[in-house]
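J.: Before I ask anything, here is the structure I am working with.
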């Protein structure tokens, strides 16, 4: 992945990779090896926020004006829900390999996907959209996790407009304070 990232400059592609939500994903079918479609998914705040984000008129306008594309990377456990989303000219679903997506992208937007480690390893910025943060805390991280203190790679945005302002002002770079955190983390890992 590191070699691919060095081969060429990042494209004007931003990854949108929200993590899955155990409490709203369809039931897992062990025989088929995948989650069933959830009839109640569209009622969840998770869907409403993510669908609102990808269909934000401000996002669509800024992406068009700046030549960006948003690749929506559904978590495999949520893939069956892709049909619920309304896509537009700047947003598409992708099933490309993670390594290719990450090496070719300029940045990543997520709520709490572990893929962010791969993105920041390549010194690419990660921006966090607050999607049902209480649900993430309840189902994905321990109760002792302090989001504000331990979010080491990028800022947390509570509104779509605030996040889209980054693209409007073409501020898709990792801030120095997060570069230091990334360097410290990966330097410690490489020393093991």
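The values are calculated or read from the model by the stated rules, or taken from the named source; none is laboratory data. Quick caveat, the model's predicted, so the values are computed rather than measured. Cβ placement follows ideal geometry from the backbone for every residue including glycine, while neighbour counts extend to all protein chains displayed.
J.: Residues that are touching a helix residue (DSSP H, G or I) at 6+ places or on another chain (Cβ under 6 Å), within 28 Å of residue 180 (Cβ to Cβ) and touching a residue at least 40 places away in the same chain (Cβ under 8 Å): does the range 92-103 have at least one?
T.: So the first thing to find is which residues in the range 92-103 are touching a helix residue (DSSP H, G or I) at 6+ places or on another chain (Cβ under 6 Å), and the list is 93, 102-103.
Filter once more, keeping what is within 28 Å of residue 180 (Cβ to Cβ): 102-103.
This time we only want the ones that are touching a residue at least 40 places away in the same chain (Cβ under 8 Å), so: 102-103.
Yes, the range 92-103 has at least one match.
J.: Among the numbered criteria (1) under 18 Å from residue 160 (Cβ atoms); (2) exposed (fewer than 13 other Cβ atoms within 10 Å of the Cβ), which one does residue 70 miss?
T.: (2)
J.: Please enumerate the residues belonging to the range 65-80 that are out of contact with any strand residue (DSSP E or B) (no Cβ under 9 Å at 6 or more places or on another chain) and assigned to a helix (DSSP H, G or I). Break it down into steps so the answer makes sense when it comes.
T.: Looking only at the range 65-80, we keep the residues that are out of contact with any strand residue (DSSP E or B) (no Cβ under 9 Å at 6 or more places or on another chain), and these are 65-67, 75.
Once the filter is applied, which keeps residues that are out of contact with any strand residue (DSSP E or B) (no Cβ under 9 Å at 6 or more places or on another chain) and assigned to a helix (DSSP H, G or I), the range 65-80 yields 65, 66.
J.: Hey, any hits in the range 48-64 for a residue that's loosely packed, with under 14 Cβ neighbours inside 10 Å, assigned to a helix (DSSP H, G or I) and either in contact with a strand residue (DSSP E or B) (Cβ under 8 Å, 6 or more places away or on another chain) or in contact (Cβ under 8 Å) with a residue 12 or more places away in the chain (or both)?
T.: yes
J.: Right, residue 12: more than 18 Å from the chain's Cα centre (by Cα), surrounded by fewer than 19 Cβ atoms within 10 Å (Cβ to Cβ), in contact (Cβ under 8 Å) with a residue 24 or more places away in the chain and closer than 20 Å to residue 166 by Cα or not?
T.: Working: more than 18 Å from the chain's Cα centre (by Cα): no; surrounded by fewer than 19 Cβ atoms within 10 Å (Cβ to Cβ): yes; in contact (Cβ under 8 Å) with a residue 24 or more places away in the chain: yes; closer than 20 Å to residue 166 by Cα: yes.
No: the conditions fail for residue 12.
J.: I'm trying to understand the selection: among the residues of the range 131-149, which are crowded, with 18+ Cβ neighbours inside 10 Å and either at pLDDT 85 or above or closer than 25 Å to residue 184 by Cβ (or both)?
T.: Matches in the range 131-149: 136 only.
J.: Checking residue 159 against (1) modelled with pLDDT of 80 or more; (2) touching a helix residue (DSSP H, G or I) at 6+ places or on another chain (Cβ under 6 Å), which single condition isn't satisfied?
T.: (2)
J.: Could you give me the residue pairs with C-beta distances under 7 Å whose first residue belongs to the range 164-185 and is at pLDDT below 85, whose second residue is surrounded by 17 or more Cβ atoms within 10 Å (Cβ to Cβ) and in a helix (DSSP H, G or I) wherever it lies, and which are 6+ apart or on separate chains?
T.: If the second residue must be surrounded by 17 or more Cβ atoms within 10 Å (Cβ to Cβ) and in a helix (DSSP H, G or I), the pairs left are 164/59; 164/62; 167/62; 167/63; 168/62; 172/166.
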